[in-house]
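Here is the structure we will look at, set down as structure tokens.
Every read-out reported here was derived from the displayed coordinates using simple, explicitly stated rules and does not represent laboratory data. Not measured: the values here are computed from a predicted model. Cβ placement follows ideal geometry from the backbone for every residue including glycine, while neighbour counts extend to all protein chains displayed.
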Amino acid sequence: MSEQNVLEAILEELRRQRIPDALWSTKEIGTYFGVTAKRATYITNLHTFPDPVHAPDIGRRWIPDEVRDWAKRNRQPKRRAA
């Protein structure tokens, strides 16, 4: 097993051990970004967005630190009025 595969396996195990309440839903991601639920769903489906943790009985959830890190890397400048 390569070093990269070992690191990915460790990360996946850590994700599985997270308490679902500590994870963000699409609704919470929308609140964080200040966008609608529809826009939050669009954002979470971007190929660059962090992979979700699939929590039993509650669906897809995201690790808040990963979402914040993604937001920092992908922040777009605010548009200025002309």
Check: Quick one: net charge of residue 27's neighbours, Cβ under 13 Å, K/R +1, D/E -1?
Finding: +3
Note to self: Using Cβ counts within 10 Å as a stand-in for footprinting exposure, how do 67, 35 rank, fewest first?
What the structure shows: 35, 67
Next item on the list: Quantify how much of the Cα-Cα distance distribution of region 3-74 extends past 14 Å, in percent.
Entry: 60 percent
Check: If r is the Cβ-Cβ distance from residue 54 to residue 27 and R0 is 25 Å, what FRET efficiency results, to the nearest 0.05?
Finding: 0.90
Checklist line | Spin-label pair residue 11/residue 71, simplified geometry with 7 Å Cα→Cβ offset, distance in nm | finding: 2.0 nm
